[in-house]
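The structure appears right after this line, and notes come after that.
The values are calculated or read from the model by the stated rules, or taken from the named source; none is laboratory data. Keep in mind it's a predicted model, so treat the numbers as computed, not measured. Quick reminder, even Gly has a Cβ in these numbers, built from the backbone with ideal geometry, and neighbours come from all protein chains shown. The protein model used for the area step is the full one, side chains on, heavy atoms only, and it has no ligands, DNA or RNA in it. Shrake-Rupley method; radii C 1.70, N 1.55, O 1.52, S 1.80 Å.
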Amino acid sequence: MQPIMTVEEIHDFLDREFPQIHLDGRVLEITDVRPAGLTMRFDPAERHLRPGATISGPAMFMLADVAAYAAILAHVGPVALAVTTSLNINFLRKPNLAPLFCDCRILKLGKRLAVIDAVLTQGTADEPVCQATATYSIPPR
């Protein structure tokens, strides 16, 4: 399954349709789009921390959700109304205040449903800090 949108086209779409993701500054950037996948970088700030100086669960959830959505867009085109129907997240290790990368792999891409595996890493990919499985509903065209 080949992507049909470039990194620049996805960024332009998100900037136009979802400017609210940048209200507190630009912290998300797509670094790679590839067949059946996408990688997004998250540059957390102090506001993304929880007690214990670790990146908060809601911040990691946001990264997994936006990256999975971008992966779907890359492969189906600019469909603003594709929506998350479920997202299951597993927190595995304590991430520090440093960039996180979310590597998304499309497990299923049907006409109405997409399932994405998202793995968040910091430093080495051998020790993920978080893993999520997201399901999206894709509206009929």
Next on the checklist: Once the cut-off is 25 Å, how many percent of the Cα-Cα pairs in segment 8-141 end up in the long-distance tail?
Outcome noted: 20 percent
Checklist entry - What translational D, rounded to a whole number of µm²/s, comes out for segment 49-104 from Stokes-Einstein when the hydrodynamic radius is the Kirkwood one over Cα pairs, at 4 °C and 1.567 mPa s? => result 102 µm²/s
Checklist entry - What is the gain in length, in nm to one decimal, between R105 and R34 on full extension, counting 0.36 nm per residue of separation less the C-alpha to C-alpha distance? => result 24.6 nm
Checklist outcome for this item: Share of accessible surface on carbon and sulfur in segment 1-138, whole %, 1.4 Å probe and ligands ignored, is 54 percent
Item to check | Residues of segment 27-61 with amide N under 16 Å of the 7 Å Cα→Cβ point at Q2 | outcome: 33-37
Checklist entry - Roughly speaking, what is the stretch gain from H11 to Q131, that is 0.36 nm per residue apart minus the C-alpha to C-alpha distance, in nm to one decimal? => result 40.8 nm
Item to check | Euclidean distance between Cα centres, segment 23-75 to segment 81-97, Å | outcome: 9 Å
Next on the checklist: How much accessible area per residue does the chain have, counting only protein heavy atoms and a probe of 1.4 Å, in square angstrom?
Outcome noted: 51 Å²
Checklist entry - Hey, what does the equivalent ellipsoid look like for segment 1-59, semi-axes from the Cα gyration tensor as sqrt of 5 times each eigenvalue, largest first, whole Å? => result 26, 15, 8
